[in-house]
Each structure stands twice: as C-alpha cells, then as structure tokens.
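Below is one structure, written out as structure tokens; comments come after it.
The values are calculated or read from the model by the stated rules, or taken from the named source; none is laboratory data. Because the structure is a prediction, the values reported are computed rather than measured. A quick note on method: Cβ atoms are made from the backbone with ideal geometry, for glycine too, and the neighbour counts reach across all protein chains shown.
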Amino acid sequence: MSPAVGLRGVQSWLRHLDDVDLELACTEHPAPEAGPAGRSVVRLTTCAAAVPVHELVELLLLGADRVRVRLDGCGDADGARAHLAPVLGVLAAAGVDRLSVSEAAVTEPVTAGPVLRRLRHPRGLRRRPVLDAGHMPLPRRQVLGLPGRPGRDLPGEHLDPQERLVAAVRALVPDGVAGLDTLASPAPQLAAQGCTACGVCVQACPADVLRLRHAGGVTTLLHEPAGCDGCGDCVAMCPQDVLTQTGTWSWADVLAGPTAAVTTLMTARCERCRTRFPTTSGDRLCPVCRYRRANPFGSSMPPGVLAGAGR
C-alpha cells in the first residue's frame, strides 16, 4: 500500500511534541539531510504542490513552532508557490510569519564514498536525520505500552478542507487584526433574484454550506462562507438560472463567521405534495399540483383517442 499524500502522520507525531522547528522537503528532493542543524526534517510523500494546505497550517497548532516548506529541490516549484501563495498571503497580512517557503539551495560537497559522506559548509551545516511523512515514528512510551501525556486533539477528518483551513487560520490570527478586510477569500457573495426555493443548489453543494430556512411563511436561502471553497456547483446547477455571484467575501468576513442571507421570499407548503413553493396570494397548492387538479388527464389526449371517437 502506498503512503498517503496528506500530513496526518506528521500531525499525529507532532501532537505529542512542543516547539518543533519543522522543515518539509519534497519527495524528489536530492538531499534533504543537508541544511541547518536543529530542524526536524520530514520528506513528504509527494510534491509540495499537492500537499493539503489546511493540514499544513494545522501543523502550527499541533506542536510546530515554525514550518518551512523547502522548494530548492522541488520538481514543480512554480506550482508549489502558486499552491501555497494564498494561505501565505493571509498569514502574512495578519502578521503571522511561522509558515514560510525556503528556496535557498544547500550544496553538499562529496568528500567520501557513496556510503559515508561529510558536509563541509561555511556555516557549519552537517548531515541531519530525515523522517518519512508516510511512516512517522511513534513515541517511545507508546511503543512500550506505557502511559504518556495526552496529545493535542487532531482535527476531525470528516470536516471539509476549507472549513478546517478557516478554523486553523482563525486560531492563529489575533482578533481584530487589520489587513484582512481587503484580502479576497475563495468564498463568493451570492444573490438569487427570482429564487423558487427548489433546493437544488443546497443539494448540489459538496461542502454543505447552503441551506433553506423556513420560518412561518418566509423562506431564506442561507450561505456559510467559512466552509465555501468557491467551486461554483450551486450556480451551475440552479434550474432557474437565477443564482449568481456578485462578489467575493474578504478573509476578515470569513473569519468573523457570518451566515449570509442570499435571498428571502414568501412561501407556502403544498397541501398535496408537501413541497415548498413561492406565493404571495395564499395558494394552497403548488403550480404543478394546481395544474394536475385542473387537468387530471394531462394537457392532450392520448394518441389515437380522437381518431377512434368518430367510428
């Protein structure tokens, strides 16, 4: 079985430690053991361009004092920069500098055979042990079956990635910090003029951040930007083509956690099919059931009926 792409193993290892200066190197890096001493080095199971960003930020909450992603040996450095740039921009705007990208190459002159090599570097760099993100070590007390100190709680894997990212950033960013009100988040601002409260957009949302709230004769379509990654499925699937994106929520709004009302309309519950439908006249049947009651045999006669009636 191939190792997982994510950082769950690294998170499980970190949750029992404190103040770890962590350095992550891509799986294709030629020499991750070269670098400043004192850092815990972990070789990723994939390129940094594919590392889940929410799991990367969560490392800062699970025991890592700093996290450096090393791109000097990355096979897709441009893709990794583009992948990490949004979250790095958010943390930088909030004054959080604990997550960074390192692109300075570290040379390793070979002074011995292929087995034993020695690093000679002006700054005194020396060979470091490298951990494997897919097979992280267990605490010694856990291996021996001895009780140890309880570790920090790991984030729930059932949660949506964007929801986990927002929760991690919210825990790292101080309240009321300036600079995030002009920084756009992935979450779109939605509007729905002419909504029929059919609920298709709610069912289409893969992150489950849209819902219909019914209170008396009023129905409101609600949107939770904190868990929205801007996939656009709700807009694309709207059968009435009335759900549109009017802008983008800022990171300040997303971290504040508002639930936004997309639209509000008067509705009633159909007495026949029990679905909600928009109305302002007090109708008791939805348009479909009203038509079926008025036309129990449909809008046209079955084929051949009129021809056979004249015989």
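Numbers at a glance
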| read-out | value |
| --- | --- |
| Hey, residue 68 in contact (Cβ under 8 Å) with a residue 40 or more places away in the chain, charged (D, E, K, R) and closer than 20 Å to residue 91 by Cβ or not | yes |
| Subset of the stretch 16-42 [charged (D, E, K, R) and either farther than 15 Å from residue 71 by Cβ or in a loop (DSSP other than H, G, I, E, B) (or both)] | 18, 19, 21, 28, 33, 39 |
| Selection from the stretch 1-25 of residues that are modelled with pLDDT under 90 and within 24 Å of the chain's Cα centre (by Cα) | 2, 3, 4, 5, 6 |
| Any hit, the stretch 97-108, residues being crowded, with 20+ Cβ neighbours inside 10 Å, closer than 28 Å to residue 183 by Cβ and modelled with pLDDT under 95 | no |
| Within the stretch 126-161, considering residues that are at pLDDT below 90 and among the hydrophobic types (A, V, I, L, M, F, W, C), the one nearest to residue 229 (Cα to Cα) | 159 |
